[in-house]
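The values are calculated or read from the model by the stated rules, or taken from the named source; none is laboratory data. Model, not experiment: these values are computed from the prediction. Positions of Cβ are backbone-derived with ideal geometry, glycine not excepted, and every protein chain shown enters the neighbour counts. Ligands, DNA and RNA are stripped out before the accessible areas are found, and what is left, the full protein with its side chains, is counted by its heavy atoms. Shrake-Rupley method; radii C 1.70, N 1.55, O 1.52, S 1.80 Å.
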Amino acid sequence: MPQDFQVVVNDEEQYSIWTVAQEPPAGWRATGFVGSRDECLAHIDLVWTDMRPLSLRVAMAADPR
């Protein structure tokens, strides 16, 4: 029986997948996307376009150099 997964994201806007049967780990929250492992990974490929953590993106945007 295939297992359903959910896409989760943390405060640094980094993505992962987690089983639907379990609560996401501390520091992560569900995005609302649920599907097979492959569907969830394909969704992440579409939405996670910048792999840099949010704090780094913000710091780089604030640095005028």
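Note on the stretch 22-65: residues that are within 24 Å of Phe5 (Cβ to Cβ), touching a residue at least 24 places away in the same chain (Cβ under 8 Å) and polar (S, T, N, Q) total 2. In the set Ala42, Ala26, Ala30, only one residue is modelled with pLDDT of 95 or more, in a loop (DSSP other than H, G, I, E, B) and of a type in the set (Gly, Ala, Ser); that residue is Ala26.
Residue count for the stretch 45-65 under the criterion of being modelled with pLDDT of 95 or more and either open to solvent by 80 Å² or more (accessible area, probe 1.4 Å) or in contact with a His (Cβ under 6 Å, 6 or more places away or on another chain) (or both): the result is 2. Do we have Thr19 as of a type outside the set (Asp, Glu) and either on the phi > 0 side of the Ramachandran plot or at pLDDT 95 or above (or both) here? Against the criterion (of a type outside the set (Asp, Glu) and either on the phi > 0 side of the Ramachandran plot or at pLDDT 95 or above (or both)), Thr19 qualifies.
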